[in-house]
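Quick note: the coordinates plus some simple rules give every number you see, no bench work behind them. Because the structure is a prediction, the values reported are computed rather than measured. Glycine also receives a Cβ, built like all others from the backbone with ideal geometry; neighbour counts cover every protein chain displayed.
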Amino acid sequence: MTHDMIRLATDRIEVVVDPGRGADILALVHRASGLDVLFRTPWRDHADAVRAGTEPRTHDPVAGWLERYRGGWQVNCPNAGPPRSVHGAPVGFHGEASRASWQVLEVAPTAARMAVELFSVPVRIDRQVDLDDATVRVTDTLTNLSDVPLEIDYVAHPAFGGEFLRAGVDIELDGGHFISDPDSTSTVLEPGSRHRWPGTIDRFGAPLDLSQVPPAGTRREVFGWLEALPTSTVTLRSRATRLDARIDWDGERLPYAWLWQELESTPGFPWYRRARALAVEPASTPTSGPDRPSLALDARATVALPVSITLKERNLP
């Protein structure tokens, strides 16, 4: 079944939701400026065409997901990251929920309800999207439909880009640690290295402040996770647009935040130095590692996971 896009708006923001694939939030627009703060992939037009029915050009389990990746904000569940087994089920890259067509239950001018029942694990996700002034709040309620206790991944994957990122961004986060992903291909940080936020030591022994995201023209690739966070709030301060994007979430159930900076750095597939993206992703689990913890769902249990983004204009000096 093909679902139409859902458009929700207040006087200050507008969002576009695609229930036909992953219930993705594909745009978050600051209405006064017309600026969409979310990342768009360089192949967005092709991904849209595949979503509309054009034959995909690859069936590889990872490349196939990327071919359909348009940017924006996804939910990765019950797996986040490379394909793996979850309770014996083979689950693809970034999980079934990010690929599935969701049922639309209700749409109003500033709210929508959707749902999906996963095949890989007996979990139903009920999604409530609410707009309030300049805030979009996504609340995913996960229900274990079985008598079997489950452990699954849940990662909210909002990526920022475009004009919002062009002149660089300051990441406001008080404390915590950053761990570079052990399998990272970053040319900046040693894989598996641990750093007290925001100061890090790069591969050449020089100090590096990860909270200062450089402007266009500076190449950087960073991937890993934040942990031991003092609060479950991160603010991204855009230098070019005078906009702040504040991300809030449930830090008790999502104690980590993945950090991804792809700044025209990766020379090979899929980016070829054509992408500038920044993502701070509330997560139940680190990006990788042996015996990584995840979200526990007891038999017949239900858990609600709210994540919100608020856009705020900064006054000119």
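Descriptive notes on the structure:
- Restricting attention to the range 66-93, the residues that are more than 20 Å from VAL16 (Cβ to Cβ) and either in a loop (DSSP other than H, G, I, E, B) or in contact with a His (Cβ under 7 Å, 6 or more places away or on another chain) (or both) add up to 11.
- Scanning the range 76-126 for residues that are among the acidic types (Asp, Glu) and surrounded by fewer than 18 Cβ atoms within 10 Å (Cβ to Cβ), we see that the one that is nearest to the chain's Cα centre (by Cα) is GLU117.
- Any chance GLU252 is farther than 23 Å from GLY162 by Cα, under 21 Å from the mean Cα position of the chain (by Cα) and either crowded, with 16+ Cβ neighbours inside 10 Å or of a type outside the set (D, E, K, R) (or both): no
- Condition met for ARG253 (closer than 26 Å to VAL136 by Cα, in a strand (DSSP E or B) and basic (Lys, Arg)): no
- Checked across the range 266-284, the condition of being in a loop (DSSP other than H, G, I, E, B) and either over 28 Å from ALA216 (Cα atoms) or in contact with a Gly (Cβ under 7 Å, 6 or more places away or on another chain) (or both) holds for at least one residue.
- Strands (runs of 3 or more DSSP E) fully within the range 152-244 counting 3 or more residues that are at negative phi and among the β-branched types (Val, Ile, Thr): 233-238
- Checking each residue in the range 260-309 for being of a type in the set (Gly, Ala, Ser) and in contact with a helix residue (DSSP H, G or I) (Cβ under 8 Å, 6 or more places away or on another chain) picks out only ALA277.
- Residue that is nearest to ASN79 (Cα to Cα) [pool: residues in the range 1-56 that are part of a strand (DSSP E or B) and charged (D, E, K, R)]: ASP24
- A single member of PRO207, PRO286 is without any contact (Cβ under 8 Å) to a residue 24 or more places away in the chain and farther than 24 Å from PRO42 by Cβ, and it is PRO207.
- The range 156-176 residues that are aromatic (Phe, Trp, Tyr), paired with ones that are buried (at least 20 other Cβ atoms within 10 Å of the Cβ) and assigned to a loop (DSSP other than H, G, I, E, B) (beta carbon under 9 Å, 6 or more apart): PHE160/VAL37; PHE160/PHE39; PHE164/VAL37; PHE164/PHE39; PHE164/THR241
- The residues of the range 34-52 that are touching a residue at least 24 places away in the same chain (Cβ under 8 Å), of a type outside the set (A, V, I, L, M) and either farther than 26 Å from ARG239 by Cβ or touching a helix residue (DSSP H, G or I) at 6+ places or on another chain (Cβ under 9 Å) (or both), listed by number, are ASP36, PHE39, THR41, TRP43, ARG51.
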